[in-house]
Amino acid sequence: EKRQCNLSHRQLTLLAWIFEGGHAKLSLRSLKQCNWSDTLRSMGIEKRPNYVMPNYILEVSKKDTDRWITKSEGEETFHGFHGSRLDNWFSILNNGLQQHRSKTSKFGEGIYLSSDLTLSMNYSTRGVGWEKSVLGSTLSCISINQVINHQNVKIHSSCPMKGQVEDSEGGSIPEHHILVRDNQLLHARYLMVYCGNKKAAKDVNLDRQNSDVGQPARSRLATWLASNKMLLVLICYGLLLALVGITSSTWFKRLVAKYF
């Protein structure tokens with residue numbers, strides 16, 4: 001049975017342009033979860049207990065990716081995470097990160113990255129997507145960028161000159177922060193996608209549980225504690241308030257005076 005298309009020629013042309021990758025010939029390829037560890041390790045990333053893993057990791061490829069790979073082969077490189085609002089990612093993936101579009105300039109003008117995933121997640125706000133998408137109606141993204149170690153890349157270091165920026169209002173670059181002052185020195189290699197689809201999230205959690213089978217109980221406890229730091233802080237704060245209230249009460253003072 002043939003279905004009638006209600007889209008105009010202009011709309012169809014736009015869809016074709018998007019699916020073909022636009023002017024940047026953008027291509028996103030989903031990586032299998034069994035390859036995640038090797039891929040992250042190749043970028044110099046070691047998974048930490050407090051890292052919230054995404055539902056998907058997409059390999060980013062554009063018309064200038066091959067040129068970047070050739071350029072970076074003879075250079076010292078490292079990775080940097082970048083978080084941004086959902087509606088910024090079409091421009092970021094097609095045009096790259098641009099220093100003149102950065103809204104943060106406390107430590108100088110440039111592109112801000114982080115060596116810590118949890119720090120970048122603070123800037124990766126969840127946005128509303130297509131309500132019928134299999135990924136869910138809400139999404140957030142973080143890119144994994146390859147950075148060339150250059151004098152125009154400022155990082156926290158024991159060397160004072162490495163973290164100093166001329167127009168900085170906040171002093172030297174703090175720990176886990178990376179400031180790239182030339183957009184030619186970095187390239188987005190992977191995109192981490194966090195989706196609002198409960199089934200997708202459940203599948204990822206099942207994979208994590210299966211990977212935890214056989215681990216020592218102490219290791220699992222340490223992982224849980226590292227993943228629930230805020231909950232532990234709130235519990236400790238509540239216990240502290242309860243302790244202060246008890247020690248300040250009249251009956252407690254009478255009890256102490258009676259027995260001590």
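The values are calculated or read from the model by the stated rules, or taken from the named source; none is laboratory data. Note that the structure is predicted; figures quoted are calculated from it, not measured. In case anyone asks, the SASA skips ligands and DNA or RNA and just uses the protein heavy atoms, side chains included. Shrake-Rupley method; radii C 1.70, N 1.55, O 1.52, S 1.80 Å.
On full extension, the segment bounded by ALA257 and ILE235 gains 4.9 nm, given 0.36 nm per residue less the C-alpha separation.
Its alpha carbons considered, the range 122-183 gives a radius of gyration followed by a Dmax of 17.1, 51 Å. For the residues VAL244, VAL180, VAL134, a 1.4 Å probe over the protein chains yields an accessible-area ranking, largest first, of VAL134, VAL244, VAL180. For the range 1-63, the solvent-accessible area works out to 77 Å² per residue, with a probe of 1.4 Å and every protein chain left in place.
Counted residue by residue at 0.36 nm each, then reduced by the alpha carbon distance between them, the extension gain from ALA16 to SER157 reaches 46.1 nm. LYS106 contributes an accessible area of around 120 Å² to the protein surface, as traced by a 1.4 Å probe with all chains present. Just the protein heavy atoms count here, and of the accessible area of the range 47-161 at 1.4 Å, carbon and sulfur take up 51 percent. Of the whole protein surface, TRP251 contributes about 150 Å² of accessible area at a 1.4 Å probe radius. Separation of the alpha carbons by more than 24 angstrom is noted, of LYS106/LYS162; LYS47/LYS71; LYS25/LYS162; LYS25/LYS71; LYS25/LYS154, for LYS47/LYS71; LYS25/LYS162; LYS25/LYS154. Relative to the current alpha-carbon distance between ILE69 and LEU7, full extension at 0.36 nm per residue lengthens the span by 18.4 nm. The smallest convex shape that holds all Cα atoms of the range 54-176, its convex hull, gives 123 Å³ per residue.
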